[in-house]
Each structure stands twice: as structure tokens, then as C-alpha cells.
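What follows is a single structure, and I will ask about it in a moment.
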Amino acid sequence: MNYWILAGAVLAGYLFGSISFSRIIHRIVAPDEKLTETEVPVEGTDLKYKVTTFGATAVSMKHGPKVGCSIGFADIMKVVVPVLFFRLMFPEDPYMYAAAAAGMMGHNWPVYYKFKGGRGISAYYGGLFVIDWLGGIITMTAGMVFGFFIVRDFFVAYMAGLWFLIPWAWFMTHRYEYLAYAIFVNIVYIVAMLPDLKQYIKIRKTTEVTTKMVLEMSPMGRGMLKISEWFKSRFKKEKI
């Protein structure tokens, strides 16, 4: 392994990941409006859920789900580019893992914007789908099933896909680089999610949090809600 190339992969991943499409698209859509923290009223309480990130979730709450989804796609692609480059150029070396992990770090703590970014889920899947698209789909699906139908908790459904990547990386590949990457992205994501987790726990102590209520707070959540509603409508039609 060449440590200069490794450093280049980390630098490229981080700098690409630091591009804030949320800010760029927000300036295009609303050039005179500042992107600040957003507060969302929690139904049935006097509490407000404060969106402290500067990612697709914050922008979608101001400008709608179409804008949020566009940003989410752009955030995926900004990590795909450097990771795909290092995968194609050095398929037998671990540089793509370094680029993917650094891309997520850049998204969460961008150097161009005083280290104030998003939570990293789009950036995470951008890197993972290049590294192992099958593993990404299986762990994401397994996480949603586990969270929604077994544990019945939104945050578990949102995060379990990353948790399941750790056993998947080891038992399916036995590659230490992949395992290290899986553990690292879990740590990065948990650290970034701490402010949201604290708010979520506080809200749950005050009122019953429905899955729909929380899903509607983010573009990814709204997408998951639409998929769920589509399956329900199909099931009803078949039953009739």
C-alpha cells in the first residue's frame, strides 16, 4: 500500500464530501434567504424539534421534498465520484474505503463552511454503493425491517442499516479494510446524530411519537413513508 496514494484518497474524498449542495441549491432557490436552523412543531405538544444540520433535511423543510431529494442525490454523487475513481484505478487496494470514509467526514464537517454540515446518511450510501452495492441494499433493507417491524422505532430503522454493515463486512468478505470502514462510519454517524438523538429521547418522554410523525421530518423519511403507503395500497387492492 502506497501511503501517498492513501493520503490522496483521504484528501480527495474529504474535499469532495465538503461540497455543500444544500447551501448551493438553497442560494439558487432563495438567494436572499439565509439557511439557518429550522424548528418543527411536535404534534400534540408545546415542544419543537430543532433541525441543527445544514443538509437536505433542513432545505427540504423550507423548499419542499423535490428540492430535498435533488440535494440528497447530489450528496450521494459527490462521494461516488472519488470512491469510484480509486476503485477503478486501484481495485485491489483499500484506497476506496479511505475515500468513502473521508467523504462522509467532509459532508458532516465541511472545511469550506466552518465544519457545519449534515448527518452523512446520503454520503454514506454514496460510498457504500460503489464499494458493495449488494451489501448496501441488503443491510439497508434489513435495518428498515428490523426497526419498523421488530423494534418499532424510527431511529433504529434509520440507523440499523449501518449497524448491520459490520457483521456483513466481516462474514461476507473477511476483509479487515471493509470491517474497519464499517466500524468507522458507524462511529462518525452516531457522533453526528447525537443532537437529534437527545431531542428524540426528550420528545418520546413527553408524548407518543408515531412513525409517520418522525418520517415526515426528513426527505429520506418521506420517501420511506411513500414506499410504505404504496405497499399498503397494493395489498388492499389484492385483498379486494
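The values are calculated or read from the model by the stated rules, or taken from the named source; none is laboratory data. Bear in mind that the values here come from a model prediction, so they are computed numbers and not experimental data. Cβ sites come from the backbone with ideal geometry, for glycine too, and all protein chains shown count toward neighbours. Just so you know, the surface numbers come from the protein's heavy atoms only, side chains and all, with ligands and any DNA or RNA stripped out. Shrake-Rupley method; radii C 1.70, N 1.55, O 1.52, S 1.80 Å.
Expressed in nm to one decimal, what extension gain is obtained for the pair LEU197 and LYS114 from 0.36 nm per residue of sequence separation less their Cα-Cα distance? If you can, show how the numbers build up before the last one.
Numbers: separation 83, 0.36 × 83 = 29.88 nm, distance 2.28 nm.
Residue separation times 0.36 nm, minus the Cα-Cα distance, leaves 27.6 nm.
Going down the list LYS34/LYS198; LYS78/LYS205; LYS116/LYS198; LYS66/LYS198; LYS78/LYS202, which pairs span over 30 Å between their C-alpha atoms? Mind dumping the intermediate values first?
Details: LYS34/LYS198 26 Å; LYS78/LYS205 38 Å; LYS116/LYS198 18 Å; LYS66/LYS198 28 Å; LYS78/LYS202 34 Å.
The pairs that break the limit, which is 30 Å between Cα atoms, are LYS78/LYS205; LYS78/LYS202.
Between MET172 and LYS34, how many nm apart are label points set 7 Å from Cα along the C-beta direction?
With each label placed 7 Å out from Cα toward Cβ, I get 4.5 nm.
Could you pull the accessible area for TYR14 with a 1.4 Å probe, rounded to 10 Å²?
So the heavy atoms of TYR14 present about 50 Å² to solvent.
Just to verify a number: what accessible area does TRP163 come out at with the full protein assembly present, 1.4 Å probe, Å² rounded to tens?
Per-residue accessible area (TRP163): approximately 100 Å².
Accessible surface of ARG119 in the full protein assembly, 1.4 angstrom probe, to the nearest 10 Å²?
Rounded to the nearest 10, that gives 40 Å².
Per residue of the range 147-152, in order, report the coupling 6.51 cos²θ - 1.76 cosθ + 1.60 (Karplus, θ = phi - 60°) as ³J(HN,Hα) in whole Hz, putting x for Gly and Pro.
Once rounded to whole Hz, the list reads x, 7, 9, 9, 7, 6.
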